[in-house]
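**Student:** Okay, here's the structure, questions in a sec.
The values are calculated or read from the model by the stated rules, or taken from the named source; none is laboratory data. Keep in mind that what you see is a predicted model, and the values were worked out from it rather than measured. Methodologically, a virtual Cβ is constructed for each residue, glycine included, from the backbone with ideal geometry; neighbour enumeration extends over all protein chains shown.
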Amino acid sequence: MAKARCGRILGEDTYIEEEDTTTLYFINNLRAYQAVLAALKALDQDICHDGCSLPSTVNKVIKRLGKLKNDLKASDVAAKEKESLLSKINSFLADANRLPQDTSQTCRKSAGECKIGPGCFATGTLSLIDITEPKAPKI
Amino acid sequence: MQTEVLNNQVQGLNIVLGALQAATGEICKNCIGLEGAKTKVGKMVKKLGMDLDAASISCEKTKADLQARIDSLSKAAEELKVAEECECQKTAGNCKLGEMCFINAEIDLMKLVK
């Protein structure tokens with residue numbers, strides 16, 4: 001069956017067979033994590049570096065990537081694609097692990113430094129994952 | 001107050017540009033979504049520069065720091081690599097994300113700034 005291109009993750013084009021929604025689920029999630037990690041790296045250069053929301057979000061990303069990895073391992077995604085996607089998850093996990101994870105620091109709003117309003121850039125970046133479709137397959 | 005507003009905008013645009021830079025390595029590089037976002041962010045940064053010029057900020061150092069950050073954002077926006085000929089990657093059959101669009105969601109991060 002012919003394969004169609006459906007994204008580029010870490011500089012490598014990704015392809016799926018038509019109606020292979022399980023593989024597409026993992027690819028689209030990784031496309032989202034690519035954007036989320038870029039935004040979190042930008043945040044790490046901001047006052048968020050000294051706060052607690054960025055580390056909390058990083059911990060969530062690490063946890064979610066870990067779950068995605070386990071789900072991918074347990075899925076019926078073809079072996080070659082599975083191996084390729086797992087290496088990308090490992091790369092994102094390594095990236096995430098280089099970001100702050102100590103949540104004991106004071107929230108920059110509480111410290112009086114962050115004045116963006118009720119929202120939060122760190123938690124807001126997670127919305128990029130929530131917009132992906134298809135939803136998680138039953139594994 | 002003026003400094004605070006400008007600073008919040010700078011913070012927001014810094015994150016948006018970080019995410020958009022990642023999108024240039026994606027299929028979004030050939031997408032009108034990213035092409036439009038580049039124009040939009042470029043205009044936002046330009047407006048920010050004009051707002052800073054018009055602001056009555058007494059501390060010269062604060063003003064100079066903000067100007068330097070805006071200049072850096074302007075450079076980052078200009079350097080976003082977009083293909084010469086773009087088309088929506090959903091229409092082209094390459095982006096199968098669903099209803100939503102990463103680029104629009106990244107621009108929407110600016111809505112967090114009140």
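**Student:** Looking at segment A:91-132 only, could you name the residues that are assigned to a loop (DSSP other than H, G, I, E, B), within 9 Å of chain B (Cβ to nearest Cβ) and more than 14 Å from the chain's Cα centre (by Cα)?
**Tutor:** Once the filter is applied, which keeps residues that are assigned to a loop (DSSP other than H, G, I, E, B), within 9 Å of chain B (Cβ to nearest Cβ) and more than 14 Å from the chain's Cα centre (by Cα), segment A:91-132 yields A:114, A:115, A:116, A:117, A:118, A:119, A:120.
**Student:** Out of segment A:44-83, which residues are surrounded by fewer than 16 Cβ atoms within 10 Å (Cβ to Cβ) and among the small types (Gly, Ala, Ser)?
**Tutor:** A:66, A:74, A:78, A:79
**Student:** Please determine whether any residue of segment A:88-97 is in contact with a strand residue (DSSP E or B) (Cβ under 7 Å, 6 or more places away or on another chain) and either crowded, with 17+ Cβ neighbours inside 10 Å or without any contact (Cβ under 8 Å) to a residue 24 or more places away in the chain (or both).
**Tutor:** Yes: segment A:88-97 contains one or more residues that are in contact with a strand residue (DSSP E or B) (Cβ under 7 Å, 6 or more places away or on another chain) and either crowded, with 17+ Cβ neighbours inside 10 Å or without any contact (Cβ under 8 Å) to a residue 24 or more places away in the chain (or both).
**Student:** Being within 14 Å of chain A (Cβ to nearest Cβ) and either under 19 Å from residue A:33 (Cα atoms) or of a type in the set (S, T, N, Q) (or both) is the filter here; which residues of segment B:73-90 pass it?
**Tutor:** The answer is B:89, and nothing else.
**Student:** Next question. What number of residues within segment A:116-138 satisfy the criterion of being surrounded by 13 or more Cβ atoms within 10 Å (Cβ to Cβ) and either under 15 Å from residue A:25 (Cβ atoms) or polar (S, T, N, Q) (or both)?
**Tutor:** Of the residues in segment A:116-138, 10 are surrounded by 13 or more Cβ atoms within 10 Å (Cβ to Cβ) and either under 15 Å from residue A:25 (Cβ atoms) or polar (S, T, N, Q) (or both).
**Student:** Here's a follow-up. Given the criteria assigned to a helix (DSSP H, G or I) and either at pLDDT below 95 or at the interface with chain A (Cβ under 8 Å from one of its Cβ atoms) (or both), does residue B:49 qualify?
**Tutor:** The answer is no for residue B:49.
**Student:** Identify all residues within segment B:100-114 that are closer than 16 Å to residue B:28 by Cβ and either at the interface with chain A (Cβ under 10 Å from one of its Cβ atoms) or among the aromatic types (Phe, Trp, Tyr) (or both); write none if there are none.
**Tutor:** Across segment B:100-114, the qualifying residues are B:100, B:101, B:102, B:103, B:104, B:105, B:106, B:108, B:109.
**Student:** Which condition breaks for residue B:18 when tested against (1) in a helix (DSSP H, G or I); (2) surrounded by fewer than 19 Cβ atoms within 10 Å (Cβ to Cβ); (3) without any contact (Cβ under 8 Å) to a residue 24 or more places away in the chain?
**Tutor:** (2)
**Student:** Could you list, in sequence order, the residues of segment A:5-27 that are assigned to a helix (DSSP H, G or I), more than 7 Å from chain B (Cβ to nearest Cβ) and of a type in the set (A, V, I, L, M, F, W, C)?
**Tutor:** Across segment A:5-27, the qualifying residues are A:26, A:27.
**Student:** Let me ask something additional. Over 13 Å from the mean Cα position of the chain (by Cα) and more than 14 Å from every other protein chain (Cβ to nearest Cβ): which single residue out of B:57, B:70 fits that description?
**Tutor:** Of the residues listed, the single one that is over 13 Å from the mean Cα position of the chain (by Cα) and more than 14 Å from every other protein chain (Cβ to nearest Cβ) is B:57.
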